[in-house]
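S.K.: My questions all concern the structure below.
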Amino acid sequence: MGRAYQNRKESMAKTAAAKTKVYSRYGREIYMCAKAGGVDPSANLSLRGMIDRAKKEQVPTHVIEKAIDKAKGGAGEDFQPALYEGIGPGGAMVLIGALTDNNNRTFGEIRGVFSKCKAKLGSQGSVSHMFDHRAMFVFAGDDEEPVLEALMEADVDVSDIDCEDGMITVLCPPTDYFKAKTALQEQNPAIDFEVEEITYLPQTEHPISGDDAAQFERFAQLLNDLEDVAHIYHNGVFE
């Protein structure tokens, strides 16, 4: 499961432009966390987790500090999370997570990409019910039993745990993210998470090949190019 997820996940940090997009996304998310829960990472678990993930993606310190300083001022944009959904090229189901300060602008830009690629933008709930919203942790290990025991002792509602090819994958509800992470770190202080995020996992897979695959790649790239788009989730499997 973990490896299959990694194989499906789109990489966004292969070019300078893509890195800039990653930095911008984390800047917005850190700003939102700091503005909502305070600028002290030791007292704001959401902020601390976001900073940890940003550092893992090699986001420069000055980007992180700038976002926190911006939140200290109390002014600035009021970004809100938004989720758009539909059917992409080749029939794959797509969820698009955005951080926006103008819903009308973001919706218009995303609708434009769907139109260009002959895809169908759906209404709220049209495909999201076919994805599981989960906190996900992937890390090296070959025995899930002590991991599961530690999570259960911490009262984490484990949705799934799997051990494959030397990697353990843990899934739990998003509300248990910090509780699960703390339990895993206490069980193994040397743990190094390959994945630690809240994501949407498709319940089914949809094969995409030939011209549809090329069109879907163009579709995903056009979405990634939009400043407000933070994440793209889909159930497509390229053949």
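The values are calculated or read from the model by the stated rules, or taken from the named source; none is laboratory data. Just so you know, these numbers come straight off a predicted model, no measurement behind them. Heads up, the Cβs are rebuilt from the backbone with ideal geometry, glycines too, and the neighbour counts pull from every protein chain shown. Surface areas here come from the heavy atoms of the whole protein model, side chains and all, with no ligands, DNA or RNA. Shrake-Rupley method; radii C 1.70, N 1.55, O 1.52, S 1.80 Å.
S.K.: Looking at the stretch 138-151, is at least one residue touching a Ser or Thr at 6+ places or on another chain (Cβ under 7 Å), open to solvent by less than 20 Å² (accessible area, probe 1.4 Å) and either in contact (Cβ under 8 Å) with a residue 60 or more places away in the chain or outside any helix (DSSP H, G or I) (or both)? I'd like the intermediate steps shown before the answer.
M.R.: Here is the first cut: in the stretch 138-151, the residues touching a Ser or Thr at 6+ places or on another chain (Cβ under 7 Å) are 138.
Still in the list and also open to solvent by less than 20 Å² (accessible area, probe 1.4 Å): 138.
Among the residues that remain, those that are also either in contact (Cβ under 8 Å) with a residue 60 or more places away in the chain or outside any helix (DSSP H, G or I) (or both) are: 138.
Looking for residues that are touching a Ser or Thr at 6+ places or on another chain (Cβ under 7 Å), open to solvent by less than 20 Å² (accessible area, probe 1.4 Å) and either in contact (Cβ under 8 Å) with a residue 60 or more places away in the chain or outside any helix (DSSP H, G or I) (or both), one finds at least one in the stretch 138-151, hence yes.
S.K.: Can you name the residue in the stretch 66-111 that is acidic (Asp, Glu) and under 30 Å from residue 239 (Cα atoms) and is also farthest from the chain's Cα centre (by Cα) among such residues? Let's see the steps before the verdict.
M.R.: Just the residues of the stretch 66-111 that are acidic (Asp, Glu), to begin with: 69, 77-78, 85, 101, 109.
Filter once more, so that each one left must be under 30 Å from residue 239 (Cα atoms): 85, 109.
Working: 85: 15, 109: 20 Å.
Out of the qualifying residues, it is 109.
S.K.: Further question on the same structure: So, in the stretch 1-36, how many residues would count as being modelled with pLDDT of 80 or more, among the hydrophobic types (A, V, I, L, M, F, W, C) and either out of contact with any helix residue (DSSP H, G or I) (no Cβ under 8 Å at 6 or more places or on another chain) or open to solvent by 20 Å² or more (accessible area, probe 1.4 Å) (or both)?
M.R.: Matching residues across the stretch 1-36 total 4.
S.K.: Confirm whether residue 204 is under 21 Å from residue 129 (Cβ atoms) and assigned to a loop (DSSP other than H, G, I, E, B).
M.R.: Details: under 21 Å from residue 129 (Cβ atoms): yes; assigned to a loop (DSSP other than H, G, I, E, B): yes.
Yes: the conditions hold for residue 204.
Condition check ((1) over 30 Å from residue 208 (Cβ atoms); (2) open to solvent by less than 30 Å² (accessible area, probe 1.4 Å); (3) in a helix (DSSP H, G or I)) across all residues:
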residue: 43; (1), (2), (3): yes, no, no
residue: 49; (1), (2), (3): yes, yes, yes
residue: 54; (1), (2), (3): yes, yes, yes
residue: 62; (1), (2), (3): yes, no, yes
residue: 65; (1), (2), (3): yes, no, yes
residue: 84; (1), (2), (3): no, yes, no
residue: 96; (1), (2), (3): no, yes, no
residue: 111; (1), (2), (3): no, no, yes
residue: 115; (1), (2), (3): no, no, yes
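S.K.: Then there is this: Among (1) at pLDDT 95 or above; (2) assigned to a helix (DSSP H, G or I); (3) surrounded by fewer than 17 Cβ atoms within 10 Å (Cβ to Cβ), which single condition is residue 175 missing?
M.R.: Evaluating residue 175 over (1) at pLDDT 95 or above; (2) assigned to a helix (DSSP H, G or I); (3) surrounded by fewer than 17 Cβ atoms within 10 Å (Cβ to Cβ) leaves (1) as the failure.
S.K.: So, residue 130, is that one of a type in the set (A, V, I, L, M), out of contact with any Phe, Trp or Tyr (no Cβ under 6 Å at 6 or more places or on another chain) and touching a residue at least 40 places away in the same chain (Cβ under 8 Å) or not?
M.R.: Values: of a type in the set (A, V, I, L, M): yes; out of contact with any Phe, Trp or Tyr (no Cβ under 6 Å at 6 or more places or on another chain): yes; touching a residue at least 40 places away in the same chain (Cβ under 8 Å): yes.
Yes.
S.K.: Quick test for you: out of 221, 185, 203, pick the one residue that is over 30 Å from residue 108 (Cα atoms), out of contact with any Pro (no Cβ under 6 Å at 6 or more places or on another chain) and open to solvent by 50 Å² or more (accessible area, probe 1.4 Å).
M.R.: Numbers: 221 fails: over 30 Å from residue 108 (Cα atoms); 203 fails: over 30 Å from residue 108 (Cα atoms).
After ruling out the rest, the residue left standing is 185.
S.K.: From the list 180, 190, 230, which one is within 20 Å of residue 48 (Cα to Cα) and in a strand (DSSP E or B)?
M.R.: Values: 180 fails: in a strand (DSSP E or B); 190 fails: in a strand (DSSP E or B).
Checking each option against the conditions leaves just 230.
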